[in-house]
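Just below is one structure, and these are the notes that go with it.
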Amino acid sequence: MIDFYSALKTTIQRGEYALEQMEDRINTCWLDTRITTEQRDELLTLSAECAKDEFQVDILGKLAELEARVYDLEHPTDIYPVWQQGQISERGVVYRYDVTGDGELDLVRYDGGRASTSLSIGKIEGWHLLNRELENVATITRDADGGYVITPIEAA
């Protein structure tokens, strides 16, 4: 007959396991009455103490990180030109410019009634702040002091 307590303890002492999976194994053995409640409590404590950091991987976090990296590869933002003061902006062309004042280049687009404009961002109606999917998320206008006013677009 297999001594599950001793086998689990030996494995735990090596520390080469994902803690969450080891806890599941311990609890499964306990539910199957292969180990006692006291042995379960001891093994759970020991498994938390012996688990090596390099074996603890946040799979969901890693997956989210990889999805973001793939999205950035498929939707690069640096292909859009940086808007420059005094340039002629074509309707429908996406530009990069920091209108939010956070030091990061935002995606903006002129969608107004003219084919192009030489006026700066927000001085004429039709400028929009875009999300990563190039959807309009806010209108961009200017206040009396020349500062940008970002007005979120409400979903219909």
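The values are calculated or read from the model by the stated rules, or taken from the named source; none is laboratory data. These numbers were taken from a predicted model, which means no experiment stands behind them. We place every Cβ from the backbone using ideal geometry, glycine too, and count neighbours over all the protein chains shown.
For the stretch 69-91, state whether one or more residues are crowded, with 17+ Cβ neighbours inside 10 Å and under 31 Å from the mean Cα position of the chain (by Cα).
First pass over the stretch 69-91, keeping only residues crowded, with 17+ Cβ neighbours inside 10 Å: 80, 83, 89.
With under 31 Å from the mean Cα position of the chain (by Cα) added as a condition, the list becomes 80, 83.
The answer is yes, given that some residue of the stretch 69-91 is crowded, with 17+ Cβ neighbours inside 10 Å and under 31 Å from the mean Cα position of the chain (by Cα).
Filter the stretch 99-156 down to the residues that are among the hydroxyl-bearing types (Ser, Thr, Tyr) and not in a strand (DSSP E or B), then identify the one that is surrounded by the most Cβ atoms within 10 Å (Cβ to Cβ). Let's see the steps before the verdict.
First, pick out the residues of the stretch 99-156 that are among the hydroxyl-bearing types (Ser, Thr, Tyr): 100, 110, 116-118, 120, 139, 141, 148, 151.
Filter once more, so that each one left must be not in a strand (DSSP E or B): 100, 118, 120.
Details: Thr100: 14, Ser118: 11, Ser120: 17.
This residue is Ser120.
Condition first: outside the structural domain of Tyr148 (by TED's automatic domain parsing), hydroxyl-bearing (Ser, Thr, Tyr), modelled with pLDDT of 90 or more and more than 19 Å from Ala138 (Cβ to Cβ). Can you find one or more residues in the stretch 41-59 that meet it?
yes
Give the number of residues within the stretch 95-137 that are over 18 Å from Tyr148 (Cα atoms), of a type in the set (A, V, I, L, M, F, W, C) and in contact (Cβ under 8 Å) with a residue 40 or more places away in the chain.
1
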